[in-house]
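For reference, the structure is listed below as structure tokens.
We did not get these values from a lab; they are worked out from the coordinates using the rules stated. None of these values were measured; they are calculated from a predicted model. Every residue, glycine as well, gets a Cβ built from its backbone with ideal geometry; the counts of neighbours run over all protein chains shown.
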């Protein structure tokens with residue numbers, strides 16, 4: 001009864017989700033406080049108070065039919081205007097209502113824009129390490145995923161390989177900054193060079209190449225790191241944004257697409273994407289959450305970045321002290337740690353003996369590394385340190401430190 005297109009997805013369920021379920025199983029046996037689940041990017045930091053305040057105000061002050069009813073498939077006009085005004089004030093852009101399309105989170109936004117632009121056989125380029133679902137999203141529309149190998153020096157995109165792999169069939173390039181799983185922020189220099197390469201290849205092949213910037217972690221940047229706004233660098237850019245991380249609302253599924261006027265055939269793309277939003281089954285983004293986002297923007301609501309920063313510093317310093325090797329993340333809430341053995345999947349299995357649940361880098365097309373999500377409680381990180389110490393001792397890392 002399962003389609004051939006769906007069968008491999010069912011057989012190769014996301015490792016991240018499998019480990020998340022394993023964490024729940026172990027917690028039932030050993031107690032949640034004795035299981036150190038770093039698998040899923042599920043924010044532990046509570047949503048800002050403004051979210052609850054806004055929900056209560058909306059239910060008291062706005063008409064039920066307006067709050068819970070249908071609207072344009074692109075979303076409420078006043079919500080889109082508020083988002084556009086906020087982006088313009090922050091990034092010096094000039095977006096309006098017809099540049100913002102409300103979506104059911106960033107994942108839905110990615111599917112909407114890919115459905116809008118892909119023909120069967122079109123190629124979509126991603127930079128490893130990358131979020132594993134990108135491949136599934138591209139295959140949803142009979143596209144072909146082309147993977148650029150990781151630059152493990154600093155985890156900026158491997159642009160030399162990009163130049164070699166762009167072809168006549170290249171329809172889009174997806175970037176993700178701050179990055180999942182590395183926490184790296186792509187620099188302005190990287191984006192300038194990327195844009196230059198895309199323009200050169202467009203001219204060489206006489207084709208259009210869309211740059212899709214997936215940005216659910218934009219607001220999670222530390223130590224004053226700037227996350228450049230990508231539309232400044234390349235005209236044919238679409239932004240996918242989600243409030244899952246910036247307001248700790250992953251289960252509410254609310255986000256938006258930015259489709260700038262500078263994009264080739266912008267108005268036609270916006271219209272088609274609005275229709276894609278409908279025919280994919282979303283119809284429109286959740287109405288109540290759209291109203292909530294408008295008020296939260298007006299109130300200046302933002303995530304408790306200090307809590308993530310505290311987690312980041314404690315985990316990074318703790319793992320370094322135990323002898324593990326990792327880069328210091330500039331954004332998001334992940335550490336990407338080098339496995340002490342080439343087979344990082346085996347390393348993850350050994351970590352599980354100490355009830356440490358880590359995600360192998362193979363899941364992100366970057367073997368030899370593991371991802372640790374630190375969007376957990378600070379207390380869990382503290383409790384996990386002895387377990388990391390035992391794991392380090394097993395691989396002789398503590399001896400190397402001595």
Exercise for the section: Please work out the Cα center distance from the stretch 332-402 to the stretch 189-246, rounded to the nearest Å. Expected result: 31 Å
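Classify the stretch 179-312: rounded, prolate or oblate, from the alpha-carbon gyration tensor (a ≥ b ≥ c, eigenvalue square roots; a/c under 1.5 rounded; otherwise prolate if a/b is larger than b/c)?
Values: a/c = 2.43, a/b = 1.19, b/c = 2.04.
Oblate shape, in that a/c is at least 1.5 and b/c is the bigger or equal ratio.
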Exercise for the section: With everything on Cα atoms, drop me the angle between helix 266-279 and the longest principal axis of the chain, reported from 0 to 90° to the nearest 10. Expected result: 70 degrees
Fill in the blank from the handout: Within the set 70, 234, 334, GNM on the chain using Cα springs under 10 Å gives the largest fluctuation to 70
Problem - Cα centroid separation, the stretch 250-316 to the stretch 29-89 (Å) - result: 10 Å
Exercise for the section: Taking the Cβ of each residue in 187, 384, 242, 64 as the centre, tally the other Cβ atoms inside 10 Å and list the residues starting with the fewest. Expected result: 64, 187, 384, 242
Exercise for the section: Taking the Cβ of each residue in 6, 71, 1, 289 as the centre, tally the other Cβ atoms inside 10 Å and list the residues starting with the fewest. Expected result: 1, 6, 71, 289
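Would you mind classifying the stretch 49-299 by shape? Square roots of the alpha carbon gyration tensor eigenvalues, ordered a ≥ b ≥ c; an a/c under 1.5 is rounded, otherwise it is prolate if a/b is larger than b/c and oblate if not. Walk me through the intermediate numbers first.
Numbers: a/c = 1.93, a/b = 1.54, b/c = 1.25.
Here the stretch 49-299 falls in the prolate category.
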Problem - Rounded if a/c under 1.5, otherwise prolate or oblate - the stretch 250-332, Cα gyration tensor axes - result: prolate
Practice task
Round to the nearest 10 and give me the degree value, 0 to 90, for the angle of helix 77-91's Cα axis relative to the longest principal axis of the chain.
Solution key: 60 degrees
Exercise for the section: Measure nothing but the geometry: give the 0 to 90° angle between the long axis through the Cα atoms of 287-299 and the longest principal axis through the Cα atoms of the chain, rounded to 10°. Expected result: 80 degrees
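Using the number of other C-beta atoms within 10 angstrom as an exposure proxy, rank 165, 52 with the fewest first.
Details: 165 15, 52 12.
Listed from fewest to most nearby Cβ atoms, that is 52, 165.
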Exercise for the section: Per DSSP H run of at least 4 residues, take -39500 (n - 2.57); add these up for the chain, divide by its residues and hand me the 222 nm value, nearest 500 deg cm²/dmol. Expected result: -13500 deg cm²/dmol
